[in-house]
1. Could you run through segment 495-506 and say how many residues are surrounded by 13 or more Cβ atoms within 10 Å (Cβ to Cβ), more than 36 Å from the chain's Cα centre (by Cα) and not in a helix (DSSP H, G or I)?
2. Can you give me the number of residues within segment 399-424 that are out of contact with any strand residue (DSSP E or B) (no Cβ under 6 Å at 6 or more places or on another chain) and loosely packed, with under 15 Cβ neighbours inside 10 Å?
3. Among the residues of segment 432-451, what is the count of those that are touching a strand residue (DSSP E or B) at 6+ places or on another chain (Cβ under 6 Å) and farther than 25 Å from residue 270 by Cβ?
4. Can you pull out every residue in segment 215-229 that is in contact with a helix residue (DSSP H, G or I) (Cβ under 7 Å, 6 or more places away or on another chain) and crowded, with 16+ Cβ neighbours inside 10 Å?
5. Can you tell me which residue is farthest from residue 191 (Cα to Cα) among those in segment 14-46 that are free of Cβ contacts under 8 Å to residues at least 60 places away in the same chain and over 18 Å from the mean Cα position of the chain (by Cα)?
6. When you scan segment 510-530, do you find a residue that is farther than 29 Å from residue 49 by Cα, assigned by TED's automatic domain parsing to the domain that holds residue 283, in contact with a strand residue (DSSP E or B) (Cβ under 8 Å, 6 or more places away or on another chain) and not in a loop (DSSP other than H, G, I, E, B), even just one?
7. Any idea which residue in segment 73-92 is surrounded by the most Cβ atoms within 10 Å (Cβ to Cβ), counting only those that are outside any loop (DSSP other than H, G, I, E, B) and within 44 Å of the chain's Cα centre (by Cα)?
């Protein structure tokens with residue numbers, strides 16, 4: 001019997017065709033979800049998200065090309081019926097191999113990182129292996145569908161479902177799986193899906209009936225394995241920290257970990273230390289009080305000028321309603337900077353914008369964090385907005401006397417834009433004429449060009465800049481940059497609130513930069529050219545512990 005006659009006598013049923021198209025969609029969805037998961041894991045463990053996703057997603061796509069090429073060597077001998085059986089069997093093999101590998105590779109990568117093994121090599125090899133298998137699936141499915149469809153219709157159908165599946169997988173992972181399950185349970189659950197597809201294929205293709213039990217076995221094994229991945233993952237993660245982990249949350253944006261050893265409570269975001277309660281007051285007092293003190297001085301000076309020009313106008317006395325102030329806090333979801341702002345009785349309103357609801361909820365409800373931030377979120381003066389500060393802050397209606405930016409270090413594109421000239425220009429529309437802006441500015445020792453770049457970028461939007469440093473034992477020497485439209489005299493700043501670290505002489509001396517901290521010789525950080533990313537990648541960080 002010739003090929004055309006065989007195809008006419010053995011057409012695929014409508015159910016079989018749709019099942020093959022569904023397999024293409026599911027394969028693409030699971031494959032991309034796993035690669036995004038590997039990129040997330042790599043970014044969490046070793047930082048450098050651009051490289052992490054470049055290796056995982058870029059390597060995956062390149063490996064799909066390799067898999068597509070290798071598929072040409074499958075089912076090349078025998079008559080048409082034999083080839084169809086071989087293609088179906090090869091597809092089942094690919095699905096059964098993808099299933100356990102999707103679950104196991106993330107655990108292997110985490111284990112290698114813990115023992116200081118060849119993490120990047122393993123990530124590359126794992127990506128190539130998964131990508132090659134995923135790349136074989138589409139050509140195999142296309143060849144199966146060619147039985148009773150022409151090539152044009154077959155390719156259009158397969159590719160349409162493939163792209164739709166990729167979109168579904170890329171959204172399902174960050175929106176649903178990671179926040180609800182975490183990295184390792186998500187990987188095991190994703191791995192169970194191809195095994196389930198084998199069961200469906202086996203029940204609808206007579207030549208594959210004996211593979212049904214293998215699909216059931218592997219799929220059920222991976223589902224049973226899901227809760228055990230939580231235990232394994234937690235034990236592996238515990239080795240990354242020097243103190244017991246008391247809380248761990250995987251939000252849509254980052255991994256949130258809280259550790260506690262005696263009185264030392266520490267918050268980590270994607271593995272980076274955010275604070276230690278042993279010394280965080282040094283950081284947060286230095287971040288908040290110089291700016292509020294400078295704003296007090298600028299407002300008082302403006303009031304005196306008005307009084308001289310218009311003697312009958314009431315001046316800004318401490319008891320005057322005109323003396324009330326509004327403060328905008330960007331980031332700072334842990335509530336510790338908020339605690340310091342609320343010490344100023346003339347602050348009428350504080351608007352806090354933070355992207356990650358998980359951090360804010362933790363600060364609102366976790367007893368240890370509530371104790372550390374002095375119940376700051378319970379203060380009626382506080383308004384919380386969960387949003388991207390880059391988009392939301394410049395569009396607020398109010399103008400603020402003080403704007404405080406406590407963003408993470410600019411080691412990713414999404415963070416670097418928050419230190420860019422374009423963002424500062426838009427944000428200044430929300431700053432009062434006598435307002436003061438202040439931002440954390442990374443380590444002036446380990447990343448000196450970041451410190452200088454932030455100062456230069458703020459200067460480029462027409463502000464007077466006042467960089468200063470403070471020693472925080474957990475971080476070492478840390479930098480801040482204060483800026484305003486009007487000139488500030490740091491040596492005249494006052495401190496009318498209770499503090500643990502700062503006093504008036506100490507606060508004034510913060511602005512005396514050490515001799516080995518130099519500004520200049522940097523470019524302005526722009527949205528179109530985020531040079532700050534390269535500055536943050538300073539090789540000195542290798543010595544940071």
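The values are calculated or read from the model by the stated rules, or taken from the named source; none is laboratory data. All values derive from a computational prediction rather than experimental measurement. Glycine gets a Cβ as well: all are built from the backbone with ideal geometry, and neighbour counts include every protein chain shown.
1. Looking only at segment 495-506, we keep the residues that are surrounded by 13 or more Cβ atoms within 10 Å (Cβ to Cβ), and these are 495-497, 499, 501-502, 504, 506.
Those still in the list that are more than 36 Å from the chain's Cα centre (by Cα) too: 495-496, 504.
Still in the list and also not in a helix (DSSP H, G or I): 495-496.
So the answer is 2.
2. Of the residues in segment 399-424, the ones out of contact with any strand residue (DSSP E or B) (no Cβ under 6 Å at 6 or more places or on another chain) are 408-424.
Applying the additional criterion that residues be loosely packed, with under 15 Cβ neighbours inside 10 Å yields 413-414.
So the answer is 2.
3. 4
4. Kept after step one, since they are in contact with a helix residue (DSSP H, G or I) (Cβ under 7 Å, 6 or more places away or on another chain), are these residues of segment 215-229: 215-216, 218-219, 222-223, 225-226, 229.
Passing the criteria: 215, 218, 219, 222, 225, 226, 229.
5. Quick first cut of segment 14-46, residues free of Cβ contacts under 8 Å to residues at least 60 places away in the same chain only: 14, 18, 39.
Those left that are additionally over 18 Å from the mean Cα position of the chain (by Cα): 14, 18.
On the way: 14: 27, 18: 22 Å.
Selected residue: 14.
6. No, segment 510-530 contains no residue that is farther than 29 Å from residue 49 by Cα, assigned by TED's automatic domain parsing to the domain that holds residue 283, in contact with a strand residue (DSSP E or B) (Cβ under 8 Å, 6 or more places away or on another chain) and not in a loop (DSSP other than H, G, I, E, B).
7. Let us first name the residues in segment 73-92 that are outside any loop (DSSP other than H, G, I, E, B), namely 73, 80-92.
When the remaining residues are screened for being within 44 Å of the chain's Cα centre (by Cα), the result is 73, 86-92.
Values: 73: 8, 86: 17, 87: 22, 88: 22, 89: 17, 90: 20, 91: 26, 92: 23.
Filtering segment 73-92 for residues that are outside any loop (DSSP other than H, G, I, E, B) and within 44 Å of the chain's Cα centre (by Cα), the one surrounded by the most Cβ atoms within 10 Å (Cβ to Cβ) comes out as 91.
Yes or no, residue by residue, for (1) assigned to a loop (DSSP other than H, G, I, E, B); (2) touching a helix residue (DSSP H, G or I) at 6+ places or on another chain (Cβ under 8 Å); (3) crowded, with 24+ Cβ neighbours inside 10 Å:
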{"position": "436", "(1), (2), (3)": "no, yes, yes"}
{"position": "465", "(1), (2), (3)": "no, yes, no"}
{"position": "474", "(1), (2), (3)": "yes, yes, no"}
{"position": "479", "(1), (2), (3)": "no, yes, yes"}
{"position": "483", "(1), (2), (3)": "no, yes, yes"}
